[in-house]
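Right, one structure below, let's go through it.
The values are calculated or read from the model by the stated rules, or taken from the named source; none is laboratory data. Everything numeric in this text was worked out from a predicted model, so none of it was measured. Heads up, the Cβs are rebuilt from the backbone with ideal geometry, glycines too, and the neighbour counts pull from every protein chain shown.
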Amino acid sequence: MLYANKPDQKEARERLNAFWNRDAIDRPALYVTAKKTSIPNISSMIEPGEEDNWEFSPQRYCNLFTDLFDNTLYLAEAFPGAVLPWGSLLCYLAVQCGGEYEYDEIGSAWIKPLADIYERKNLVFNENHEVIDKLNAIYEKLAEALKNKAFINPPCTIEPITTLSLFRDTDQLCLDLTDRPAQVKETIKKMSDIYIDGYDYYYKKLKKLGYGDTSSWYNTMGPDGKVDDCQCDFAVLLSPDMFEEFVVPSLCQTTDYFDYNLYHLDGTCQMRFLDQIASIPRINGIQWNPETTAGPPSEWIDAFKRIQEKNLGLHIWCPSISEAKILTKELRPEGLFLILQTKFNSEDEAQEAINEIKNIL
């Protein structure tokens, strides 16, 4: 699909293809956005009468994304994509497993405990689940509203092992790994099947609606096909041996399904798993997600070089153009994707930043 407000799409896809293959064309791949001068009037995020249905209101998402795409220019390798923020990008797998969730006072969703998860007999994807019907209504309405303004992504979710830790409680799951390892592995396998089947259901549905590009939640589209993050946030509590035993099989299963995968390295302590991550054939790179106290990316150059030495790509959020320039100078451009978090005030300002980065090489 050609997108109405995305210039130079052929060149952008070529650069994306280079990134995913640990290569580069002239410079690192970049995600750059700028503000548009014209601002449409979106009168209300929620239609009258839908106040109690805000979470599953199709019009809410249509307004949200129409406002976003009409006010944003997507430059370099940034593409407009609609990723539903439903359930804080966490809960799709949990509800398919029979779990529930709730929102806290600031609007973040949290998965509720489900202590009997091991005893559940019907751990399979259920396309007749009530949430499926509600999400279907959102996607169909969104496709009518957006048309070729943007691609639409399948629902995002937290992965099986971290979901299991929220069902069982993290301390209890740590005990389960030693007390009932076979049961843990069997449940992870079933939940991984649901994860894949659920994504596949929506990928095929969106293809029928005329879409097909995907990016997961981290703003990095594939040149074609299915993109997702692979991760295990629970792994911060594991040793490398336990990571190898319990996490790697699930990562192999899920990454074999997707066309493009980045490992969401949630916390710098997960660098201790770098060798295992690099050994998984279909992982393309690392999505760097340090703890809030880790400091700016430029303080982690040595870690980034270790990652590049493993022939893994690198996806890094840059809080400023100065940080992006430091990383461009210090790291190889091949397989490097820099997300410029600043939304520039104009296209000229954004293009100047792109040129500054390109001229470093």
Taking the options 144, 127, 105, name whichever one is surrounded by fewer than 17 Cβ atoms within 10 Å (Cβ to Cβ) and part of a helix (DSSP H, G or I).
144
Only one of 171, 176, 224, 241 is within 22 Å of residue 122 (Cα to Cα), among the acidic types (Asp, Glu) and either out of contact with any strand residue (DSSP E or B) (no Cβ under 7 Å at 6 or more places or on another chain) or surrounded by fewer than 19 Cβ atoms within 10 Å (Cβ to Cβ) (or both), namely 176
Candidates 203, 211, 195, filtered to the one that is outside any strand (DSSP E or B) and free of Cβ contacts under 8 Å to residues at least 60 places away in the same chain:
203
Tally time: how many residues in the stretch 222-248 are assigned to a helix (DSSP H, G or I) and either under 20 Å from residue 200 (Cα atoms) or of a type in the set (Val, Ile, Thr) (or both)?
3
Inside the stretch 116-125, can you point out the residues that are modelled with pLDDT of 95 or more and either of a type outside the set (D, E, K, R) or closer than 22 Å to residue 89 by Cα (or both)?
117, 118, 123, 124, 125
Out of all the residues in the stretch 269-292, is one or more out of contact with any His (no Cβ under 7 Å at 6 or more places or on another chain), under 20 Å from residue 23 (Cβ atoms) and of a type in the set (Ser, Thr, Tyr)?
no
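Each row is one residue, and each column tells you yes or no for (1) modelled with pLDDT of 95 or more; (2) in the same structural domain as residue 337 (by TED's automatic domain parsing); (3) under 18 Å from the mean Cα position of the chain (by Cα).
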{"site": "13", "(1), (2), (3)": "yes, yes, no"}
{"site": "24", "(1), (2), (3)": "yes, yes, no"}
{"site": "28", "(1), (2), (3)": "yes, yes, no"}
{"site": "32", "(1), (2), (3)": "yes, yes, yes"}
{"site": "53", "(1), (2), (3)": "no, no, no"}
{"site": "60", "(1), (2), (3)": "no, no, no"}
{"site": "90", "(1), (2), (3)": "yes, no, yes"}
{"site": "100", "(1), (2), (3)": "yes, no, no"}
The residue from 211, 201 that alone is farther than 22 Å from residue 20 by Cβ, of a type outside the set (Asp, Glu), at pLDDT 95 or above and out of contact with any Ser or Thr (no Cβ under 6 Å at 6 or more places or on another chain) is 201
Are any residues in the stretch 334-361 more than 22 Å from residue 6 (Cβ to Cβ) and surrounded by 22 or more Cβ atoms within 10 Å (Cβ to Cβ), and if so, which ones?
335
Would you mind listing the helices (runs of 4 or more DSSP H) fully within the stretch 259-361 where at least 2 residues are under 18 Å from the mean Cα position of the chain (by Cα)?
none
The stretch 274-298, residues that are over 18 Å from residue 252 (Cβ atoms), surrounded by fewer than 22 Cβ atoms within 10 Å (Cβ to Cβ) and in contact with an Asp or Glu (Cβ under 6 Å, 6 or more places away or on another chain):
289, 296, 298
